[in-house]
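Colleague: Structure below; questions to follow.
Readers should treat all values here as calculations from the given coordinates under stated rules, not as data from a laboratory. Values in this document were obtained by computation on a predicted structure and should not be read as measured data. Virtual Cβ from ideal backbone geometry, glycine too; neighbours counted across all protein chains shown.
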Amino acid sequence: MYICTAQQMRELDAYTIEYGGLNELLLMEIAGNAVSHALIHNDLTRDAIITIVCGAGNNGGDGFVIARRLKEMGYNCSLFLAYEPQHLKGVAAQHFTIYNKNFPNDWQLCDQQLTRLKQQLGESTYIIDCLLGTGLEGELRLYEETLIQCINDATAYKIAVDLPSGLHATNGRIPTIAVHAKKTYTLAAPKTGFFLQQGPAVIGEWHCLNISVKIAAHAKLGMDLPQVIDDKLVSSGIPYRPADGHKGVFGYSWIIAGSSKYIGAAVFCSNAAFQTGCGIVELTTTSAIHIAIASQSPDILLTSYDEALEIPNKANVIAFGPGLGREKPTLHQAILQKITALNHPLIIDADGLYYATNMQEQLKKRSAPTILTPHPGEMAMLLKRSIDEVENNRFGVAKELAKRYDAFVLYKGHRTIITAPNGQQWLCPIGDDALGRGGTGDVLTGLLTSLLAQGSQPMAAMQVAVYIHAAAASEVGKRTGNYKMTAWQLIDALAIKLGQYIR
Ligand SMILES: NC(=O)C1=CN([C@@H]2O[C@H](COP(=O)(O)OP(=O)(O)OC[C@H]3O[C@@H](n4cnc5c(N)ncnc54)[C@H](O)[C@@H]3O)[C@@H](O)[C@H]2O)[C@@H](O)CC1
Ligand SMILES: Nc1ncnc2c1ncn2[C@@H]1O[C@H](COP(=O)(O)OP(=O)(O)O)[C@@H](O)[C@H]1O
Ligand SMILES: [K+]
């Protein structure tokens, strides 16, 4: 599923109207119809008390269609207008006229003190938010701020149409306040703001409704739209595991990780790789970690950092960096030099990224794929910008880094973005605070290494890894509470999740 900015949505809308034979009035009818159908099928009970709050733009116009359709089907539905009908323009005005013809004067204007509105909202079981959509510009006016506050104060189940009012559709910022939706029915495509900044906190559960907008025209219009990773894509990306496969078939991961301070990073990364199907895992690390691995995970092969410079192993994929620390810069830089020259897929994570900053040109020249996995702090370091600057432009900086290093980039965050060297982007729509603790990134690197070792192509491996990692963590969180998921529990859950997604 493609993700659009507000501007891209407007262009696709215009294209649909120009070349698809649909006019704006019809598109709004389709949109309102799609939402009312979704509401009836998924949400509303027959005794529901529904209030629809409409603004003066086209988001409000959708609301008039929804109100008419619900009333036609006998639902108890009240319509509130934020502004006098004479302020309505274009197709929103036309749809209000149609509504009024069918249900004459069966609407109310939000009064000055908002007493009527507050009382109605207080008695409602559902509030349908059609105040503002993709047309929000700048800071909210005080009046809209007060309206949104009233909606949020009510205990009713809040459903946003297209997006929660007050949220900026493109950048995910909430300049003042936004409707805190339990659910969002978005039209034609989810908006980039759903996955950036404060967006994820207010959109609730979101569903995209097809309203005949020609999204497929994006390429013709020169748009480079990111896509959302979904269940189907994950299932198709999991490497095939033949029943007669032996350890050689399932790949050899070489993980270079850990230091006396960061023991867990090496332990978790190598275990995540081994426990998600990789045939052989070799861990090159420091002596303190050898003891931990020997007692806890004897299935993992062990070598020392000094050996890494000398002994070629049989790996078909290399991961460099988790818990490396910066205490042995000469040795670690030399190891990165050596492995950069090898013709294997190479994942560079954590402190490995610090060493990568000195090797941009060599990394760029590699013929085998390179995958960089920065969190926001590491992205800021790699691009020599502040964390705020990179976080304010997540899609943009991920593309920039991919181009600079001619690499795949997995940009971690609440909504992780993955980018191919050619700029193609995918976004992971799931994951929560269960993952917000040290060690979960090391587990992700282990899983990613394992999938590559088992034969996945880089993009598929990244798609599967971020999604399975997030889904597994949410499941553990549901069982244990998000406060106490351990890296071991996450590793155990990865293999189970992979099993659930296998075709
Ligand atoms: N995606 C699509 O293809 C379609 C979109 N439609 C709807 O059209 C919406 C976009 O319509 P519009 O462009 O008219 O925009 P909106 O309805 O989102 O917003 C425009 C209104 O918001 C007010 N406004 C803007 N900034 C404000 C601020 N800071 N404080 C207070 N008020 C502010 C404007 O005065 C105007 O009344 C979409 O969100 C969607 O709901 C549908 O009607 C049909 C098709
Ligand atoms: N609130 C959250 N929602 C979704 N994913 C999260 C959240 N917090 C952390 N994560 C994920 O957890 C992982 C943390 O990785 P990282 O910061 O490298 O940690 P570490 O290096 O300690 O293992 C990343 O994959 C990140 O996307
Ligand atoms: K809305």
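Colleague: Under 5 Å between amide H atoms, partner at least 5 residues away or on a different chain: which partners does Ala189 have, H built in plane at 1.01 Å?
Modeller: Under 5 Å from the amide H of Ala189: no residue qualifies.
Colleague: Separate question: Using amide H atoms built in the peptide plane, which far-off residues or other-chain residues are under 5 Å from Thr284 H to H?
Modeller: So Thr284 has HN proximity to Ile255, Ile256, Ala257, Thr303.
Colleague: Let me ask something else. In what sequence, highest mean first, do 294-306, 29-41 appear when ranked by Cβ atoms within 10 angstrom?
Modeller: Highest mean packing first, the order is 29-41, 294-306.
Colleague: Applying a 10 Å radius around every beta-carbon, put 399-407, 122-130 in order of their mean neighbour count, most first.
Modeller: By packing density, highest mean first, the sequence is 122-130, 399-407.
Colleague: Extending each Cα 7 Å along its Cβ direction at Asp244 and Gln113, get the distance between those two points in nm, one decimal.
Modeller: With each label placed 7 Å out from Cα toward Cβ, I get 8.4 nm.
Colleague: Quick query: amide H of Ala160 versus all other amide H atoms, modeled in the peptide plane; which residues come in under 5 Å with a sequence gap of 5 or more or a different chain?
Modeller: The list, which skips near neighbours in sequence, is Asp129, Lys182, Lys183, Thr184, Tyr185.
Colleague: Right, another one. If you take the beta carbon distance between Leu309 and Thr486 as r and set R0 to 30 Å, what does 1/(1 + (r/R0)^6) give as a FRET efficiency, to the nearest 0.05?
Modeller: Efficiency, rounded to the nearest 0.05: 0.30.
Colleague: If the reach is capped at under 18 angstrom between alpha carbons, list the aspartates and glutamates near Lys365, excluding any in the same chain fewer than eight residues apart.
Modeller: Hits, sequence-local ones excluded: Glu400, Asp406.
Colleague: A further question on this structure: Suppose only helical runs count, i.e. DSSP H with n ≥ 4. What mean residue ellipticity at 222 nm does that imply for the chain under -39500 (n - 2.57) per run, divided by all residues and rounded to the nearest 500 deg cm²/dmol?
Modeller: Here the helix-only value at 222 nm equals -13000 deg cm²/dmol.
Colleague: For the stretch 6-216, just say rounded, prolate or oblate: build the C-alpha gyration tensor, square-root its eigenvalues into a ≥ b ≥ c, call rounded for a/c under 1.5, and beyond that prolate if a/b exceeds b/c, oblate if not.
Modeller: Verdict is rounded for the stretch 6-216.
Colleague: Which of the peptides 351-361, 94-104 is most tightly packed, and how do the rest follow, judged by the mean count of other Cβ atoms within 10 Å per residue?
Modeller: 351-361, 94-104
Colleague: From the phi angles alone, apply the Karplus equation (6.51, -1.76, 1.60; θ = phi - 60°) to the stretch 157-169 and give each ³J(HN,Hα) in whole Hz, x where the residue is Gly or Pro.
Modeller: Each residue's phi maps through the Karplus curve to give 6, 9, 10, 8, 9, 6, 7, x, 4, x, 8, 7, 4 Hz.
Colleague: How much FRET efficiency would the formula 1/(1 + (r/R0)^6) give for Asn393 and Gln333, where r is the Cβ-Cβ distance and R0 is 22 Å, rounded to 0.05?
Modeller: The calculated FRET efficiency here is 0.15.
Colleague: If you take the square roots of the eigenvalues of the alpha-carbon gyration tensor of the stretch 171-216 and sort them as a ≥ b ≥ c, do you get rounded (a/c under 1.5), prolate (a/b over b/c) or oblate?
Modeller: Cα axes put the stretch 171-216 in the prolate bin.
Colleague: To the nearest Å, what is the center-to-center distance of the stretch 180-220 and the stretch 283-298, using C-alpha atoms only?
Modeller: 46 Å
Colleague: Can I ask one more? If you wrap a convex hull around the Cα atoms of the stretch 231-501, how much volume per residue is inside, in Å³?
Modeller: Given the Cα convex hull of the stretch 231-501, per-residue volume reads 121 Å³.
Colleague: Can I ask one more? Using Cα positions and a limit of under 14 Å, work out the aspartates and glutamates in reach of Lys101, with same-chain residues fewer than 8 apart set aside.
Modeller: Glu72
Colleague: Quote the charge dipole size of the chain about the Cα centre in Debye, to the nearest 20; the model charges only the Cβ of Lys and Arg (+1) and of Asp and Glu (-1).
Modeller: 580 debye
Colleague: Tell me, what ³J(HN,Hα) does each residue in the stretch 415-429 have, in order and in whole Hz, if you take phi through Karplus 6.51 cos²θ - 1.76 cosθ + 1.60 with θ = phi - 60° and put x for Gly and Pro?
Modeller: Karplus values, whole Hz, x for Gly and Pro: 10, 5, 10, 10, 9, 8, x, 7, x, 5, 10, 9, 10, 8, x.
Colleague: What number comes out for the charge environment of Thr303, summing +1 per Lys or Arg and -1 per Asp or Glu over other residues with Cβ under 10 Å away?
Modeller: In short, -4.
Colleague: Now for a separate question. Exceeding 26 Å between C-alpha atoms, which entries from my cross-link table qualify? They are Lys364/Lys399; Lys247/Lys484; Lys158/Lys232; Lys158/Lys214; Lys261/Lys412.
Modeller: Correct reply: Lys247/Lys484; Lys158/Lys232; Lys158/Lys214.
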